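The values are calculated or read from the model by the stated rules, or taken from the named source; none is laboratory data. In this text, all values refer to a predicted model and were calculated from it rather than measured experimentally. Every residue, glycine among them, receives a Cβ derived from its backbone with ideal geometry; neighbour counts consider all protein chains shown. Please note that ligands, DNA and RNA were not included when accessible areas were found on the heavy atoms of the full protein model with its side chains. Shrake-Rupley method; radii C 1.70, N 1.55, O 1.52, S 1.80 Å.
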Amino acid sequence: MTERHESVLLHFFVRTFLAPFIMLFALYVLVHGEASPGGGFQGGAIFAAGVIISRLSLGLNQGSYSFLSRKTLLILACLGLGTFTFMGIAGVLFGGSFLNYGVVPLSWLDYIWPGDLGQRQMGIFIIEGGIALGVFATIILLFDFLTFETKGEDVP
Amino acid sequence: MNKLALPIVIIFAIIFIFSTSTLPNRADVNSPSNLHVSPTYIEHTEKDIGIENIVSAVLADYRGYDTLGETFVIFTAGVAVLAVMTRRRTS
Amino acid sequence: MEEIAARFPYWFIGLLLAIGLYGMIGKRSLVKKLIGLNIFQSSIILFFVASGLKHGASVPILQHEHHPIAQDYLNPLPHVLMLTAIVVSVAVTGVALSFLVKIHHEFKNEDEETILEQLG
């Protein structure tokens, strides 16, 4: 292990400008996935890039979103996959076919998030969020396991 | 084996480039892949789904099974890396 | 000249396929084999995306018209399929890299023949 050369400018630049703006752009790509190029896979991958770039430059410390531990990331990946699968099963429960979002009553979400989205668009929006969560957590999980050594019996 | 690799690759590339003469031209409007199902997606997305991005509509709604399997694939990759890189107690 | 303009993406993709195949079967290092696999996947993705091109068409995002014509928009299907293929590529690369890390811990190098000799 070579000695780490700390660079104040790099820390400041990455923590203050690079990572937050990459994440903001990822949210834009995710939320506007229905009207412009974008969607779940892309948004999740860009969001993961924001976390990975801070971990590449700062290591695993407070500035690089260390609250996203491996256990948390695994739970997030399960949550994203579960959202997608649950929306698929909800179509069956409300009398449609599997993955048919048109029959799921989601119009009450308009009170929380005003907009003239129909049920089907709201279902697509929810599963895009699930995909983004799953892709985001899995990419950071891959990066963490391949980059930082696991200590002894430190099972996540 | 290493000596054989280059001739094999060159023969493969020549066969591939000759076989492209039967493929449709670049940017051909009437190529078979542009006439089969994609006009249906383009013309019916506005009415069926109601969102502007046709790629998102096909990804999330028309071909939702595909995307669900895809999410399972990447989740499985994450779990596989977890299983490979985690050190066992007994080794 | 028109023949060249109609064919050159396929030639370029064939070149990339050949480079990727050579990386997979001609190189001894396992890392270079993985890089060859990635180049191979990228050429397949380029091939599919190139097949979705239409002359004089715009990106597959509807422009608020009530009866869209299929000739005005690019073929969205290859884009969707390749979006999922890219994710498979990421998953394959991640799992392969984890195997490579374990192989490096065990044998201290990535050379194929040396590893086969050590295995006996």
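Of all residues in segment B:10-23, those that are under 15 Å from C:Phe8 (Cβ atoms) have Cβ atoms under 6 Å from Cβ atoms of residues that are surrounded by 11 or more Cβ atoms within 10 Å (Cβ to Cβ), 6 or more apart or on another chain, in B:Ala13/C:Gly14; B:Ala13/C:Ala18; B:Phe16/C:Gly14; B:Ile17/C:Trp11; B:Ile17/C:Gly14; B:Thr20/C:Tyr10.
Sub-7 Å Cβ pairs linking a first residue in segment B:45-65 that is free of Cβ contacts under 8 Å to residues at least 12 places away in the same chain and at positive phi to a second residue that is in a helix (DSSP H, G or I) and charged (D, E, K, R), at least 6 apart or interchain, are B:Gly50/A:Arg120, ordered by first then second residue.
Among the candidates A:Val29, A:Val51, A:Val8, the residue that is β-branched (Val, Ile, Thr) and over 18 Å from the mean Cα position of the chain (by Cα) is uniquely A:Val8. Every listed requirement among (1) modelled with pLDDT of 85 or more; (2) touching an Asp or Glu at 6+ places or on another chain (Cβ under 9 Å) is met by A:Gln121 save one, (1).
Table: residues versus (1) surrounded by 18 or more Cβ atoms within 10 Å (Cβ to Cβ); (2) touching a residue at least 12 places away in the same chain (Cβ under 8 Å); (3) within 30 Å of B:Asp28 (Cα to Cα).
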| position | (1), (2), (3) |
| --- | --- |
| C:Ile25 | no, no, no |
| C:Ser43 | yes, yes, yes |
| C:Gly52 | yes, yes, yes |
| C:Ala57 | yes, yes, yes |
| C:Ile86 | no, yes, yes |
| C:Ser98 | yes, no, no |
| C:Ile103 | no, yes, no |
| C:Thr114 | no, no, no |
| C:Leu119 | no, no, no |
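Give, as residue ranges, the helices (runs of 4 or more DSSP H) completely inside segment C:20-120 that count at least 3 residues that are within 24 Å of A:Gly39 (Cβ to Cβ).
Details: elements: C:30-51, C:76-107, C:112-119.
By residue number, C:30-51, C:76-107.
Checking B:Asn25, B:Asn34, B:Asn2 one by one, the residue that is at the interface with chain C (Cβ under 7 Å from one of its Cβ atoms), open to solvent by less than 10 Å² (accessible area, probe 1.4 Å) and at pLDDT below 90 is B:Asn34 and no other. If you check B:Phe72 against the conditions, is it of a type outside the set (S, T, N, Q), open to solvent by 60 Å² or more (accessible area, probe 1.4 Å) and either in contact (Cβ under 8 Å) with a residue 40 or more places away in the chain or facing chain C (nearest Cβ under 7 Å) (or both)? Criteria not met by B:Phe72.
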